Amino acid sequence: MNSRTGVLILSHQLLSMVAPLQQQLAARGLECYVLSSRPSRALTPPWQDRVSQIEITDGHALTMQDIAACLARLPDEVTLVACISVWDGYRELMAQTNGLLGATDLDVSCVTRLRDKLTMRRWLHGDGLSRVQAQPLTDALWQGITDPSAFFIKPRTGLASFGAFRADKLDQPDQLDTLWRQACADQAYAGVFEGEPEFIIEDLIQGTEYCFEVIVTKGEAQVLAVHEKIDMHQQGFTVLENACVCPPVSVQAEQLAQGKTFVTRCLASLEVTTGLFHIEAKFAERQGWEMVEINPRIGGAYILESTRHHAGVDLLSLWLDSLLSRPLQPVQPSNRRSFFRVFFGQSGRTLARIQPRNGAEVPLLDQRLFVQEGDRLPQIEREIFIGQALWDISALPHHNFSDFAASTAHHFQVEYHP
Ligand SMILES: Nc1ncnc2c1ncn2[C@@H]1O[C@H](COP(=O)(O)OP(=O)(O)O)[C@@H](O)[C@H]1O
Ligand SMILES: [Mg+2]
């Protein structure tokens with residue numbers, strides 16, 4: 001009997017970066033077993049011929065029962081050595097499965113400590129690493145607040161900036177129930193928002209926001225890339241994160257070094273010993289560095305490609321090697337700079353036309369559209385990604401950066417039906 005060795009990929013609705021994961025696994029001589037929840041819109045995965053097995057469950061969100069059943073059905077000659085998922089909502093399932101398979105991953109309690117923003121904040125506050133205080137949002141607490149503009153509200157466990165906003169946006173606390181109901185009904189995010197609404201309220205953090213891509217092995221953290229978020233703004237009850245530049249442009253080298261040390265200390269405080277992280281933190285001269293959130297997964301949009309361009313490493317490859325307890329590929333930083341922009345659509349509207357513009361001066365590394373003309377965008381209070389584009393800005397003079405970044409806001413020409 002031939003023995004076969006592979007990795008289980010947990011895919012959300014046939015998405016979740018299966019294609020690049022499959023490539024990385026193939027390069028390691030490993031097979032790819034995909035367990036996916038049922039997609040909420042018709043979709044034929046382009047990678048289906050390249051994987052050893054795809055199982056699609058009836059539900060729109062995977063559960064531990066689905067995984068147990070999938071593992072039990074595997075033929076005897078197959079050995080799974082690890083499980084991976086880039087989907088936020090499956091991070092605990094991934095950790096639990098890795099516990100069963102014996103792969104190197106965080107235990108479930110550590111994953112929850114990071115994903116539960118109330119626990120994460122209180123832990124860091126208790127260790128003197130955050131000045132921000134957070135509490136569950138209740139009616140009584142809300143009534144006692146005199147200056148809501150000093151606070152920020154978000155789900156206790158969330159994603160995609162859904163329901164994340166400065167507290168003075170809220171007129172009545174029951175608006176949150178409506179928001180929560182909408183989120184629970186959103187099939188694309190099945191399994192993420194369930195049960196009673198759980199929001200937290202915490203002190204507003206000032207400053208510019210940065211994200212840190214970090215790998216931790218045997219308790220040692222290494223910051224691979226830092227991106228600065230540009231052009232963030234609030235739309236409805238969502239914070240839209242429009243663009244990122246790497247390396248950052250508004251922070252001095254010394255402050256950036258402090259940021260890396262700060263992030264490393266927060267991970268150590270939270271007893272993080274292994275894994276790959278996408279960490280969001282803010283910096284303002286007066287307050288120093290403050291944590292926003294720690295995602296125990298790879299960053300979205302073009303973070304993977306941008307980090308590869310800038311730091312010469314592939315985050316998925318590092319993450320897999322860490323799960324498989326293999327030596328990590330050394331980092332070979334280049335001095336290349338990158339910039340990407342994400343494009344959002346308007347909730348509930350129908351696209352009449354969408355086309356990229358050609359700007360020749362700055363090299364475009366990649367661009368993608370996730371929608372087509374004629375598509376009706378979902379009616380929902382969250383980010384609706386319609387496309388993204390990534391540029392190589394290595395040759396762009398620093399003083400031209402902000403004009404260039406502003407000009408890319410209209411990279412895709414979008415028109416809606418009236
Ligand atoms: N306490 C806060 N003060 C100011 N802005 C915040 C605060 N918490 C979150 N944000 C903003 O809201 C965005 C979304 O919040 P985050 O915790 O990252 O949730 P998500 O899991 O939805 O990404 C952040 O990127 C940040 O810009
Ligand atoms: Mg976030």
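Does Gly299 qualify as being assigned to a loop (DSSP other than H, G, I, E, B), surrounded by 22 or more Cβ atoms within 10 Å (Cβ to Cβ) and within 16 Å of ligand 1 (Cβ to nearest atom)? Steps first, please.
Numbers: assigned to a loop (DSSP other than H, G, I, E, B): yes; surrounded by 22 or more Cβ atoms within 10 Å (Cβ to Cβ): yes; within 16 Å of ligand 1 (Cβ to nearest atom): yes.
Yes, satisfied.
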#### Entry: Total residues in region 10-50, condition of a type in the set (Val, Ile, Thr), surrounded by 19 or more Cβ atoms within 10 Å (Cβ to Cβ) and over 17 Å from the mean Cα position of the chain (by Cα)
1
### Message
For region 102-144, give me the residue count where each residue is in a loop (DSSP other than H, G, I, E, B), within 14 Å of ligand 1 (Cβ to nearest atom) and either of a type in the set (A, V, I, L, M, F, W, C) or within 21 Å of the chain's Cα centre (by Cα) (or both).
### Response
3
### Task
Go through region 287-307 and give me each residue that's away from ligand 2 (no atom under 16 Å from the Cβ) and modelled with pLDDT under 95.
Gln287
### Task
Considering only region 370-405, state which residues are open to solvent by 50 Å² or more (accessible area, probe 1.4 Å) and in contact with an Asp or Glu (Cβ under 8 Å, 6 or more places away or on another chain).
Pro378
### Task
List every residue pair whose Cβ atoms sit under 9 Å apart, with the two residues 6 or more apart in sequence or on different chains, where the first one lies in region 240-256 and is assigned to a helix (DSSP H, G or I) and the second, anywhere, is open to solvent by less than 70 Å² (accessible area, probe 1.4 Å) and among the β-branched types (Val, Ile, Thr).
Leu256/Val226
#### Entry: Subset of region 97-140 that is under 21 Å from Leu25 (Cα atoms) and among the polar types (S, T, N, Q) - its residue that is surrounded by the most Cβ atoms within 10 Å (Cβ to Cβ)
Thr97
### Query
Hey, any hits in region 136-150 for a residue that's in contact with a Leu (Cβ under 9 Å, 6 or more places away or on another chain) and within 23 Å of Ser11 (Cβ to Cβ)?
no
### Query
of a type outside the set (A, V, I, L, M, F, W, C) and either within 14 Å of ligand 2 (Cβ to nearest atom) or touching an Asp or Glu at 6+ places or on another chain (Cβ under 7 Å) (or both), is that true of Thr112?
yes
### Query
What are the pairs, 6+ residues apart or on separate chains, where a residue within region 274-286 that is more than 16 Å from ligand 2 (Cβ to nearest atom) has its Cβ under 6 Å from a residue that is part of a strand (DSSP E or B) and open to solvent by less than 10 Å² (accessible area, probe 1.4 Å)?
Thr274/Val216; Gly275/Val216
### Query
In region 217-255, what residues are of a type in the set (A, V, I, L, M, F, W, C) and more than 16 Å from ligand 2 (Cβ to nearest atom)?
Ala221, Val223, Leu224, Ala225, Val245, Cys246, Val249, Val251, Ala253
### Message
Testing Gly99 on (1) within 12 Å of ligand 1 (Cβ to nearest atom); (2) at pLDDT 95 or above, one condition comes back false. Which one is that?
### Response
(1)
## Note on the structure
Counting only residues in region 269-290 that are buried (at least 16 other Cβ atoms within 10 Å of the Cβ), among the aliphatic types (A, V, I, L, M) and more than 19 Å from Ile303 (Cα to Cα), the one nearest to ligand 1 (Cβ to nearest atom) is identified as Leu270
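The values are calculated or read from the model by the stated rules, or taken from the named source; none is laboratory data. All values reported here derive from a predicted model rather than from experimental measurement. Cβ sites come from the backbone with ideal geometry, for glycine too, and all protein chains shown count toward neighbours. Please note that ligands, DNA and RNA were not included when accessible areas were found on the heavy atoms of the full protein model with its side chains. Shrake-Rupley method; radii C 1.70, N 1.55, O 1.52, S 1.80 Å.
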